[in-house]
1. Within 39 Å of the chain's Cα centre (by Cα) and either at pLDDT 90 or above or farther than 29 Å from Lys179 by Cα (or both): which single residue out of Ser136, Ser159 fits that description?
2. Would you point out the residue of the range 136-152, among those that are part of a strand (DSSP E or B) and of a type outside the set (D, E, K, R), that is surrounded by the most Cβ atoms within 10 Å (Cβ to Cβ)?
3. Hey, does the range 154-163 have a residue that's in contact with a Lys or Arg (Cβ under 9 Å, 6 or more places away or on another chain), on the phi < 0 side of the Ramachandran plot, without any contact (Cβ under 8 Å) to a residue 40 or more places away in the chain and of a type in the set (Val, Ile, Thr)?
4. Mind telling me which of the residues Val187, Val118, Val94 ends up being surrounded by 10 or more Cβ atoms within 10 Å (Cβ to Cβ), in contact with a Ser or Thr (Cβ under 7 Å, 6 or more places away or on another chain), part of a helix (DSSP H, G or I) and β-branched (Val, Ile, Thr)?
5. Filter the range 82-101 down to the residues that are more than 14 Å from Lys126 (Cβ to Cβ) and acidic (Asp, Glu), then identify the one that is farthest from the chain's Cα centre (by Cα).
Amino acid sequence: MENNDNLDNNPEVNDDSGLDQTDNLNQNEEKTDENSAKTEEKQGEDTASKLADLNDKYLRLYSEFDNFRKRTHKEKVDYLKTANEEVLKAILPVIDDFERAIKANENVTDVKAIKDGVHLIYNKLKNTTQQKGLTSFDCKGEVFDADIMEAITHIPAPSDELKGKVVDELEKGYKLGDKVIRFAKVVVGS
């Protein structure tokens, strides 16, 4: 029993086994600390690399959008410069007819021929503009509509049925498709 008591009371025997366990725990903690430090370092590198990738993608996307914006702006400016080209090309023959009429009128003594020539050119111009979508609208006798007409003045209506209606049309109104491009200038009866 004494031996057993000696073993229990012997601090060297008990300390050795405790030291081995403590050393093992310390070593495990150090390894865990190293592993966690390496893991954190790896995660930090992954995060930094992801951030760099996302930043690069953002910059590329921003550059593409900026290029798109500049390109569309340039296209719009070019389109506005040449938007009337088709209409003007259609009107050129009418201008040629006017030039020929002016030359022909220098030596003409027949007024009827001049009138007929002017009417032909007018009809050609009117047909050309109608083909491009330009239409005139008549307002005389119609109820005043502020969406398509501009009242220049109000006069006393010659009859009761002309009150609030267009008595006279000073300038015709025109539409391009469904859009009013020039309001009719009218005199309204009151």
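1. Numbers: Ser159 fails: within 39 Å of the chain's Cα centre (by Cα).
Going through Ser136, Ser159 in turn, just one is within 39 Å of the chain's Cα centre (by Cα) and either at pLDDT 90 or above or farther than 29 Å from Lys179 by Cα (or both): Ser136.
2. Initially, the range 136-152 is screened for residues part of a strand (DSSP E or B), giving 136-137, 143, 149-152.
Then keep just the ones that are of a type outside the set (D, E, K, R); that gives 136-137, 143, 149, 151-152.
Values: Ser136: 14, Phe137: 14, Val143: 11, Met149: 21, Ala151: 15, Ile152: 14.
Across the range 136-152, the extreme among qualifying residues is Met149.
3. No, every residue in the range 154-163 fails to be in contact with a Lys or Arg (Cβ under 9 Å, 6 or more places away or on another chain), on the phi < 0 side of the Ramachandran plot, without any contact (Cβ under 8 Å) to a residue 40 or more places away in the chain and of a type in the set (Val, Ile, Thr).
4. Val94 is the lone residue from the list that is surrounded by 10 or more Cβ atoms within 10 Å (Cβ to Cβ), in contact with a Ser or Thr (Cβ under 7 Å, 6 or more places away or on another chain), part of a helix (DSSP H, G or I) and β-branched (Val, Ile, Thr).
5. My answer is Glu99.
Condition check ((1) surrounded by 10 or more Cβ atoms within 10 Å (Cβ to Cβ); (2) without any contact (Cβ under 8 Å) to a residue 12 or more places away in the chain; (3) in a helix (DSSP H, G or I)) across all residues:
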residue	(1), (2), (3)
Lys42	yes, yes, yes
Leu51	yes, yes, yes
Ser63	yes, yes, yes
Lys76	yes, yes, yes
Leu80	no, yes, yes
Ala101	yes, no, yes
Ala113	yes, yes, yes
Lys124	yes, no, yes
Thr128	yes, no, yes
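The values are calculated or read from the model by the stated rules, or taken from the named source; none is laboratory data. Predicted, not measured: the structure shown is a model, and the values here were computed from it. Using ideal geometry, Cβ is built from the backbone for each residue, glycine included, and neighbour counts are taken over all protein chains shown.
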